[in-house]
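Below you'll find the structure, written out as structure tokens, and then a few comments.
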Amino acid sequence: MHHGVRTPSVARIYDRLLGGVDNHPVDQKVCDDLIGIAPGSRTLALASRSFLRRAVRVLARDYGVRQFLEHGCGLPARDNVHEVAGAVAPEARVVYIDNDPLVLAHARARLVENPWTAVVAADVRDTAAIFDCAQVRGLVRPDEPTAALFVAVSQCLPDEDVVPMLERVKERLAPGSFLVVCQYTSRCPEVREQVTSLIRGATQGRWGRVREEHEVRGFLHGLEIMDPGLGDVTDWRPDPVRPPLPRATDLIAWGGVGRIP
């Protein structure tokens, strides 16, 4: 039993929403409260995870991307990035970045067998530390196209950090690289306010906020937006062989994929 866990973590809340088992009563309580405010929260988590998998598959299969940096990877789920990319191209190289000790422990336990993946303990905002560390330099070739993944990450960061972080990453990536971004948004000011204050309160202020769509559009400023454009990620190149995902309306996982010219 985990009696010692008193503070919820974003990674464990997300794990709970995805139906995982690596979470505690404190996390489950936040999830229940979240679903009380925004009943679509679980659908939203599944939609953003499914978008991540589709984006990785499309970039590996149709655009020849062989290096992926997952910022804020969270707890290992089914179909992790290295599994999705590796199914297309066994030589694909994947770096997982997180600073949650539980996430790091789980990721390292799961990935120890794989020479094409690395787990980096870093704050996602510390671009220099990430790109300059030995593991990343050993796997990621700076002159080759890379996909930098920011799926359900930007909402965890305050405003003053998000755009500068994305700009630093854009500067580090070769032309023809991709940014994959998905952020929780809402068109309802009450939902934005209530969800933000719930999660900020639960995580002792270590969270950003639910944003508006125009703000997320700004994150991809200067990039060539890949079809079908930016929007509810449920609509981003849906899988033709799977039944359509249900759609959340109170909260929306909003984003898309931009290419560095």
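The table below lists the values:
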read-out	value
Shape call, the range 10-259: gyration tensor on alpha carbons, a/c limit 1.5	rounded
Taking only Cα atoms of the range 1-84, radius of gyration then Dmax in Å	15.0, 48
Cα gyration tensor shape for the range 124-261, rounded if a/c is under 1.5, else prolate or oblate	oblate
For the range 240-261 versus the range 131-171, the gap between their alpha-carbon centres in whole angstrom	21 Å
From phi via Karplus (6.51, -1.76, 1.60), per-residue ³J(HN,Hα) for the range 67-77 in Hz, x at Gly/Pro	9, 10, 10, 9, 7, x, 5, x, 6, x, 10
Rounded, prolate or oblate (a/c below 1.5 giving rounded, otherwise prolate when a/b exceeds b/c) for the range 180-261 by Cα gyration tensor	oblate
Electrostatic dipole magnitude of the chain [Cβ: Lys, Arg +1; Asp, Glu -1; Cα centre; debye, to 20]	440 debye
Per-residue ³J(HN,Hα) for the range 251-261, Karplus 6.51 cos²θ - 1.76 cosθ + 1.60, θ = phi - 60°, Hz, x for Gly and Pro	10, 10, 7, 10, x, x, 10, x, 10, 6, x
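Computed from the coordinates by the stated procedures, all read-outs in this text should not be read as laboratory data. What you see is a predicted model; the values in this text were computed from it and never measured. A quick note on method: Cβ atoms are made from the backbone with ideal geometry, for glycine too, and the neighbour counts reach across all protein chains shown.
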